[in-house]
1. Which is open to solvent by 10 Å² or more (accessible area, probe 1.4 Å), under 26 Å from residue 254 (Cβ atoms) and more than 13 Å from the chain's Cα centre (by Cα), of 99, 118, 133, 111?
2. Within segment 33-68, work out how many residues are hydroxyl-bearing (Ser, Thr, Tyr) and out of contact with any Ser or Thr (no Cβ under 7 Å at 6 or more places or on another chain).
3. Say we look at segment 141-170 and pick out the residues that are hydrophobic (A, V, I, L, M, F, W, C) and within 16 Å of the ligand (Cβ to nearest atom); which of these is farthest from residue 244 (Cα to Cα)?
4. Give the number of residues within segment 26-46 that are more than 16 Å from the ligand (Cβ to nearest atom) and under 14 Å from residue 259 (Cα atoms).
5. Residues of segment 171-215 being within 13 Å of the ligand (Cβ to nearest atom), under 17 Å from residue 233 (Cα atoms) and assigned to a helix (DSSP H, G or I), which ones?
6. Six or more apart or on different chains, Cβ under 7 Å: which pairs go from a residue in segment 85-100 that's closer than 22 Å to residue 42 by Cβ to one that's more than 14 Å from the ligand (Cβ to nearest atom) and open to solvent by 10 Å² or more (accessible area, probe 1.4 Å)? Could you list them?
7. From the list 312, 291, 296, which residue is open to solvent by 80 Å² or more (accessible area, probe 1.4 Å) and more than 30 Å from residue 82 (Cβ to Cβ)?
8. Looking for whichever is buried (at least 21 other Cβ atoms within 10 Å of the Cβ) and more than 20 Å from the chain's Cα centre (by Cα) here; the options are 222, 199. Which one fits?
Amino acid sequence: PLKTFAMAAFAAGAMATSFLAAAEPVEIKFSHVVAENTPKGQTALKFKALVEERLPGEYKVSVFPNSQLFGDNNELAALLLNDVQFVAPSLSKFERYTKRLQLFDLPFLFKDMDAVEKFQMSDAGQALLGSMKRKGIVGMGYLHNGMKQFSANEPLKLPTDASGKKFRVMASDVLAAQFDAVNAMAVKKPFSEVFTLLQTRAIDGQENTWSNIYSKKFYEVQSYITESNHGVLDYMVVTSAAFWKGLPADKRKIIKQCMDEALAYGNKIASDKNAQDRQLIIDSGESKVVELSDSERQAWIDAMKPVWGKFEDQIGKDMIDAAVAANK
Ligand code: LMR
């Protein structure tokens, strides 16, 4: 009888253990459209590592890169349906939810990434994190990628070189207007389609950062990249108010801390990543980097800057002024 008792106790213990083991960690999904080997890809993985280290067994983060789970056309809708809990679209992709972020697309607004950082950290920049509150979207923080360059199959030195050509843009009216301003055609397409559009010559060119041009192999299907630094490609990491408020307060605090640290990490590596990828593109010999003289660059500024006036009312002159002030 003693033996039977011991066996029963052991069986009960085993059952209790397996019951505990069956309490799966809560899954948090983070979906994005770029490669893992990019500032955004690395930030998402950092966030995963931090959450799983600090809330072991309680939460796990599944990262879905390369538009695997959701792409440009549906990631924000999916966020609001709680099908994904974190996304980090470029600041150009929030137009349906707020017009205020169109600010970041204005051509030649920021002189470099230091100015971008300074503006984002200012009161005006921080206020924009809450610009989609009424839509149920919570801004967690900004994430850098870097400055955009133009690529094409012919060298673009002057605005007239772009005339009549077709360029892919993100879903942003400001970016479309930027190409209108040089008599080019802008086509709004999701990031996941860009390589094929370039490869099949359905479009002539596009604009992006070095890290995106490298990691998505655009340089293999574009003969020239003009080092224009004409605009910024940064992100806002967002979650839904419903998910965020639904988290227990103590867990929310830890998860926010993990995100802040992941963003600080991503923001620190972004410029090195772009510099490295620029060099890898040059070393590949597949695409030639076109440098602009001061007067050539000025010609692009003169052609594109009138776009600001068209969007001033939607964006707010106060915001534009605050951004310009960050260049000092
Ligand atoms: C693009 O669509 O070109 C970029 O926004 C992709 C990204 O997320 O960096």
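1. Numbers: 99 fails: under 26 Å from residue 254 (Cβ atoms); 118 fails: under 26 Å from residue 254 (Cβ atoms); 111 fails: under 26 Å from residue 254 (Cβ atoms).
Matching residue, one of 99, 118, 133, 111: 133.
2. 3
3. Residues of segment 141-170 hydrophobic (A, V, I, L, M, F, W, C): 143, 147, 150, 152, 156, 158, 162, 167, 169-170.
Remaining after also requiring within 16 Å of the ligand (Cβ to nearest atom): 143, 147, 150, 152, 167, 169-170.
Values: 143: 19, 147: 31, 150: 38, 152: 42, 167: 38, 169: 31, 170: 28 Å.
For segment 141-170, the residue satisfying everything is 152.
4. Qualifying residue count for the region: 3.
5. 175, 191, 192, 194, 210, 211, 212, 213, 214, 215
6. Pairs found: 85/29; 85/243.
7. Numbers: 312 fails: open to solvent by 80 Å² or more (accessible area, probe 1.4 Å); 296 fails: open to solvent by 80 Å² or more (accessible area, probe 1.4 Å).
When all the criteria are applied, what remains is 291.
8. Unique residue meeting the criteria: 222.
The values are calculated or read from the model by the stated rules, or taken from the named source; none is laboratory data. These numbers come from a predicted model, not from an experiment. Reconstructed Cβ throughout: ideal geometry from the backbone, glycine too, with neighbour counts over all protein chains shown. SASA here: full protein model, heavy atoms, side chains in, ligands and nucleic acids out. Shrake-Rupley method; radii C 1.70, N 1.55, O 1.52, S 1.80 Å.
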